[in-house]
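Following: one structure in C-alpha cells, then a few remarks.
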C-alpha cells in the first residue's frame with residue numbers, strides 16, 4: 001500500500017526559493033478544466049429550441065443554481081455571483097467524479113486544491129463585504145456584540161476556511177483510502193465497485209454541493 | 001517467572017471479561033427500554049397483549065444479538081489456546097475484547113429504541129401492525145452493523161498470525177485497532193437507533209407514507225454509519241500495514257493515538273448524524289410532499305455534521321501513514 | 001524499552017494529538033447534528049422557507065464547529081511543531 005504516501009512531485013529552484021509542483025494534481029486539474037471547456041462549447045454551440053443533450057444538462061445546472069443564488073443573495077446581486085457559484089459546483093463535481101475512471105485520480109484528494117478554493121471564497125466574500133458595506137461598517141461587524149469579541153470573531157472567520165477545505169479534502173481522501181484498503185484485502189469484483197459508486201458518486205456529489213452552498217452562504221453573510 | 005504462555009492466557013481472560021462486560025451494557029439498556037414501552041402500550045389497550053408481546057420479544061431478540069456476538073467472542077477468548085509464538089497474541093486478545101465489547105454498547109441500545117416505539121405504534125393503530133413490524137425489523141437489523149464491524153475486527157485479531165509483526169510498535173497497533181473500531185461503533189449504533197425509532201413512530205402514525213419514510217430512513221441509516229466505517233478503516237490499516245521494528249516510545253504511541261483519535265472522534269458525530277436523520281424521518285412521515293427538500297436538507301446537514309469525524313480521520317491517517 | 005527524553009516528549013505529543021482530536025470531535029458532532037435535525041423539523045413545518053432555513057442551519061453549524069476546529073489546530077500543532 002505504498003501508493004498512499006507516495007506523491008509525485010518536481011521541485012524547481014527559482015531565485016533561491018524551492019517551488020514544489022504536484023504533477024498529478026496539476027494534470028488532473030487540467031483534465032477537469034478541459035472536460036468543462038469542451039462541455040461548455042458543446043452546450044452552447046448550437047442553441048436551439050429543441051435542445052441537444054449537452055444543452056439540456058447545461059440548462060438544468062444553470063437554472064437550478066440561478067434559483068439557489070437568488071434565494072441567498074436577492075434579485076440585485078444574483079447576476080454578479082451566480083457564474084462563480086455555478087462554475088465552482090461544476091468544477092468540484094467533476095473533480096470528485098474523476099477518480100471513478102481508472103488511472104485518473106481526484107484533484108480534490110490533494111489538500112492544495114480545496115484549500116486554494118476555500119481561500120478564494122474567503123477573499124471574494126470579504127472583498128464584496130467591504131465593497132457593499134464600506135470599510136467602517138465592515139470593521140464594526142467584527143466588534144459585535146462587544147469590542148472584546150473581536151479576536152474571537154477573527155479566529156471564527158479563519159476557522160471557516162479551514163473547516164470548508166478540510167471537510168472536502170478529508171471526505172475525498174478518506175474515500176480513496178477506503179477503496180484502496182478494501183481492494184487490497186479482497187480481490188472481489190463486487191465490493192470495490194460498490195464502494196467506488198458510494199464514495200465517488202454519492203459522497204462526491206454531496207460534498208461538492210456542500211462546498212458550493214457554504215461559499216454562497218459565507219458571501220451572503222458578508223453582503224447582507 | 002512469567003513466560004509468554006502465561007501472559008497470553010492471562011490477557012485472554014482479561015479480554016473475555018472486557019468483551020462480555022461492556023457488551024452486556026447496551027443490550028440490557030435497549031431491552032429494558034423496549035419492555036418499558038411495551039408495558040406503557042399495554043396500559044392503553046390491554047386486549048392487544050398478544051401482538052405487543054410478540055413484537056416486544058422479536059425486537060428484544062434483535063437487540064440481544066449484540067450481546068450474543070460479545071458472548072461468542074468471550075467464549076472464544078476463554079477456550080482457545082493459541083500457540084505461544086509471540087507475546088503480541090496477548091495484546092491482540094485485549095484488543096479483540098475491547099473492540100467487541102465497546103462496539104456492542106451502541107448497537108444494543110440502538111436496536112432497543114425502535115422495538116419500544118413499535119410496541120406503542122401497534123397499540124395506537126393495530127390494523128397497521130405488519131407495516132410497523134417491517135420498519136422495525138429493518139431499522140434494528142441495520143443498528144447491528146456497527147457491532148458486526150467490531151466482531152470482524154475481533155475475529156481478525158483472534159485468528160490472524162502475528163508472528164512476523166515486531167513486538168514493539170506492534171502492541172500499540174493491535175490495541176489501537178481494537179479501540180478504534182470499538183469506540184467509533186458506539187455513536188452510530190445509538191444514532192441509528194434514534195433514526196429508526198422516529199421512522200417506526202412515523203410509519204405507525206401515517207402508514208400511507210410508509211414507502212417514503214422507509215426510503216429516507218435507509219438513506220439516513222447508511223450515511224449515519226460512516227463514522228463507524230472510518231474507525232473500521234483505521235483498524236484495518238493498523239492491523240495490515242507493515243510495521244518496522246523500533247523500540248522508541250513515539251512509534252508505539254503514534255499508533256495508539258491514531259486508534260484513540262478515530263475511535264473517540266466517531267462517537268459524537270455518529271449520534272449527531274442519527275439525530276438529523278431522525279427529525280427528517282419524522283417529518284417525511286407527516287408531510288410526504290416535502291420529501292425531496294427534506295432529503296436534500298438532511299444530506300447537507302449530515303455532510304456538515306460529519307466534518308469533525310473527518311478531522312479525526314485526517315489526524316489518524318497522518319499518524320499512521322505519514323509519521 | 002529504553003526511553004530517551006525527546007522520544008518521550010514526541011510520543012506523548014502523538015498520543016495527545018490523537019486524544020485532543022478524538023475527544024474534541026464529540027461535542028461538535030452532537031451539537032451540529034441537533035442543529036441540522038431541528039432545521040429538518042422546521043422545513044417539515046414550512047417547506048416554502050427552505051432556503052432561509054438551510055442558510056441559518058449552515059451558519060449555526062459553522063459556528064458550533066469552531067471548537068472542533070480548535071481541536072484540529074491543536075492536534076496539528078502537536079504533530080508538526082512539538
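Within the range C:63-72, the residues that satisfy the criterion of being more than 17 Å from residue B:271 (Cβ to Cβ), without any contact (Cβ under 8 Å) to a residue 40 or more places away in the chain and touching a helix residue (DSSP H, G or I) at 6+ places or on another chain (Cβ under 6 Å) are C:66, C:69.
Mind checking which residues of the range B:20-49 are more than 30 Å from residue B:182 (Cα to Cα) and assigned to a helix (DSSP H, G or I)? Let's see the steps before the verdict.
Pass one, the range B:20-49, residues more than 30 Å from residue B:182 (Cα to Cα): B:38-49.
If the condition is that a residue be more than 30 Å from residue B:182 (Cα to Cα) and assigned to a helix (DSSP H, G or I), then B:38, B:39, B:40, B:41, B:42, B:43, B:44, B:46, B:47, B:48, B:49 are the ones that fit.
Inside the range A:66-85, can you point out the residues that are at pLDDT below 85 and within 18 Å of the chain's Cα centre (by Cα)? The one that is at pLDDT below 85 and within 18 Å of the chain's Cα centre (by Cα): A:68.
Looking at (1) touching a helix residue (DSSP H, G or I) at 6+ places or on another chain (Cβ under 9 Å); (2) without any contact (Cβ under 8 Å) to a residue 24 or more places away in the chain; (3) farther than 28 Å from residue C:48 by Cα, which one does residue A:80 not meet, given that it meets all the others? For residue A:80, the exception is condition (3).
State the number of residues belonging to the range C:35-53 that are touching a helix residue (DSSP H, G or I) at 6+ places or on another chain (Cβ under 6 Å) and without any contact (Cβ under 8 Å) to a residue 24 or more places away in the chain.
Kept after step one, since they are touching a helix residue (DSSP H, G or I) at 6+ places or on another chain (Cβ under 6 Å), are these residues of the range C:35-53: C:35-37, C:39-44, C:47, C:50-51, C:53.
From what is left, the residues that are without any contact (Cβ under 8 Å) to a residue 24 or more places away in the chain are C:37, C:39-44, C:47, C:50-51, C:53.
Residues meeting the conditions: 11.
It is to be established whether one or more residues within the range C:43-53 are within 8 Å of chain B (Cβ to nearest Cβ) and surrounded by fewer than 17 Cβ atoms within 10 Å (Cβ to Cβ). Yes, there is a match, as at least one residue in the range C:43-53 is within 8 Å of chain B (Cβ to nearest Cβ) and surrounded by fewer than 17 Cβ atoms within 10 Å (Cβ to Cβ).
Tell me, yes or no, whether the range B:141-149 has at least one residue that is free of Cβ contacts under 8 Å to residues at least 40 places away in the same chain and more than 14 Å from chain A (Cβ to nearest Cβ). Checked the range B:141-149: no residue is free of Cβ contacts under 8 Å to residues at least 40 places away in the same chain and more than 14 Å from chain A (Cβ to nearest Cβ).
Applying the criterion of being buried (at least 24 other Cβ atoms within 10 Å of the Cβ) and more than 7 Å from chain B (Cβ to nearest Cβ) to the residues of the range C:11-34, the residue that is farthest from the chain's Cα centre (by Cα) is C:20. Only one entry of A:170, A:175 meets the criterion of being surrounded by 22 or more Cβ atoms within 10 Å (Cβ to Cβ), facing another protein chain (nearest Cβ under 8 Å) and under 23 Å from the mean Cα position of the chain (by Cα), and that entry is A:170.
Within the range B:149-156, is there a residue that is farther than 14 Å from residue B:70 by Cα and under 19 Å from the mean Cα position of the chain (by Cα)? Within the range B:149-156, one or more residues are farther than 14 Å from residue B:70 by Cα and under 19 Å from the mean Cα position of the chain (by Cα).
Here A:163, A:220 are screened, and the one residue that is touching a helix residue (DSSP H, G or I) at 6+ places or on another chain (Cβ under 6 Å), without any contact (Cβ under 8 Å) to a residue 12 or more places away in the chain and on the phi < 0 side of the Ramachandran plot is A:163. If we scan the range A:43-52, do we find a residue that is under 19 Å from the mean Cα position of the chain (by Cα) and surrounded by 14 or more Cβ atoms within 10 Å (Cβ to Cβ)? The answer is no, given that none of the residues of the range A:43-52 is under 19 Å from the mean Cα position of the chain (by Cα) and surrounded by 14 or more Cβ atoms within 10 Å (Cβ to Cβ).
The values are calculated or read from the model by the stated rules, or taken from the named source; none is laboratory data. Owing to the predicted nature of the structure, the values given are computational and were not obtained by experimental measurement. Counting neighbours? That spans all protein chains shown, and the Cβs are built from the backbone with ideal geometry, glycine included.
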